[in-house]
Each structure stands twice: as C-alpha cells, then as structure tokens.
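Worksheet: one structure, shown below.
The values are calculated or read from the model by the stated rules, or taken from the named source; none is laboratory data. It should be emphasised that the depicted structure is a prediction, and the values quoted were computed from it without experimental measurement. In this analysis, Cβ positions are derived from the backbone assuming ideal geometry, glycine residues included, and neighbour counts consider all displayed protein chains.
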Amino acid sequence: MTRDLMYRDQIEQLVTDSYQALDLPDGPALGFYSEEDRSAVPEDAGLWALGVGNPLPHARLRPGETVLDLGCGAGFDVLLAARQVGETGRAMGVDMLPEMIERANHHAAEAGMTNTEFLLGMMDDLPLPDDSVDVIISNGSINLAARKSRVFAEARRVLKPGGRLCVTDLTLDETELPTEILTHPSAWAG
C-alpha cells in the first residue's frame, strides 16, 4: 500500500528550492563517464552533471532515433545522446526548472548541437504527443518526482511501440525508513 507522506506541491517546492540553491556543483556524476564522453561536451555542462549513474551505455542509442531525458538538468546526458543519435536523430530533455533549461540551451549552443531541444515541464505531465519518442533515459531524477507512477505512465504514453526506457536512479522501499526521514526536506531533495 502506498501512502502519501507529503503533498505533491510540498515535494516539488522542496526539490525546486534545493536545486535553485546549487552553485556550480563540480560534476558529482562525472566519474560514471569515460574521458571521451567528458571531453565531448562543454566543461561547464560536466560541472552540472548531477546524476547517479550513466544510462547511455545501456540505452543502446542508434542514429536517427528520438531520445528524451526526464529531468535533464543542465543537459549533460542530452548532449551525449545527441552525438549518438546523430544529425538525423533528435535528443530532447525536460526539466521543471527554467534555470536548468536555460543552462542546457546554453551548453547545447556552446557545443554547436543542432539536434537538441529542451522543454520546460514536469515528468508526470510531459509536453509531448503520444508515441513520439524511441528511447527515454533518466539519470537520478525520477526519485525526485512526487508521483512516480504518473512519471512511468507518461513515459509509456510518449514512447513509440517497441520503445525503450533506461533509468539510473536511487530506490528505497519506504517501509525501510521511518516517516521522519521520508518527510524530511533534504531526504526528498538530496
């Protein structure tokens, strides 16, 4: 049985506040990427790599595919995906923070990427049509969503038949932690 320990608005505000307070975080996720990957994108994009793994090797992206990154942040994984899908493909990212979308667009322009697009929106209400994406990736973002079941429902909606979902994230069984931890702001946003 799922229990709502905090309201959606509270969770979204906690996550927003936490990420808006970040100041050049020094790329905590860069260790999951090869030197070749790290050097393929602008250095500043790497400093904003906030994920918990690297979904790209498992996503098996192919030229011409359309890929969507849920919770794209400053665009690090989108830029790498754009290189893999090539000029005939498209790499998109969605994030709820205007600041991250602005950073991602800046990084894409700096990298000279023309096959990227960054959308302001929520993972549980994607601003995309049905059956429009070949592959969805996400790196350490779904755990921040208040309505995870809606995130997966939306992923299914926008994925084309036979599409792929590749997620690196943190998981916990909520029965393993006391309510005080599950409702603590830093536990949700950290």
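Points worth noting:
- Residue satisfying all of: in region 114-128; part of a loop (DSSP other than H, G, I, E, B) and not hydroxyl-bearing (S, T, Y); surrounded by the most Cβ atoms within 10 Å (Cβ to Cβ) among these: M123
- Residue within region 78-85 that is in contact with a Cys (Cβ under 6 Å, 6 or more places away or on another chain) and among the hydrophobic types (A, V, I, L, M, F, W, C) present: yes
- Exactly one residue out of G140, G112 is modelled with pLDDT under 95, on the phi > 0 side of the Ramachandran plot and of a type outside the set (S, T, Y): that is G140.
Let's see how each residue does on (1) surrounded by 20 or more Cβ atoms within 10 Å (Cβ to Cβ); (2) aliphatic (A, V, I, L, M); (3) at pLDDT 95 or above:
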{"position": "G162", "(1), (2), (3)": "no, no, yes"}
{"position": "L170", "(1), (2), (3)": "no, yes, no"}
{"position": "L182", "(1), (2), (3)": "no, yes, no"}
{"position": "S186", "(1), (2), (3)": "no, no, no"}
{"position": "G190", "(1), (2), (3)": "no, no, no"}
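- Of everything in region 129-159 that is free of Cβ contacts under 8 Å to residues at least 40 places away in the same chain and among the basic types (K, R), the residue that is surrounded by the fewest Cβ atoms within 10 Å (Cβ to Cβ) is R156.
- Across region 19-46, the number of residues qualifying as part of a helix (DSSP H, G or I), under 17 Å from I101 (Cβ atoms) and at pLDDT 65 or above comes to 2.
- Verdict on G64 being assigned to a loop (DSSP other than H, G, I, E, B) and without any contact (Cβ under 8 Å) to a residue 60 or more places away in the chain: yes
- Number of the condition not met by F152 [criteria: (1) under 23 Å from H58 (Cβ atoms); (2) aromatic (F, W, Y); (3) at pLDDT below 90]: (3)
- For region 73-90, taking the residues that are touching a helix residue (DSSP H, G or I) at 6+ places or on another chain (Cβ under 8 Å) and part of a loop (DSSP other than H, G, I, E, B), the one that is surrounded by the fewest Cβ atoms within 10 Å (Cβ to Cβ) is identified as G89.
- Considering residues of region 96-113 that are touching a residue at least 60 places away in the same chain (Cβ under 8 Å) and either assigned to a loop (DSSP other than H, G, I, E, B) or touching a strand residue (DSSP E or B) at 6+ places or on another chain (Cβ under 6 Å) (or both) only, the residue surrounded by the most Cβ atoms within 10 Å (Cβ to Cβ): M96
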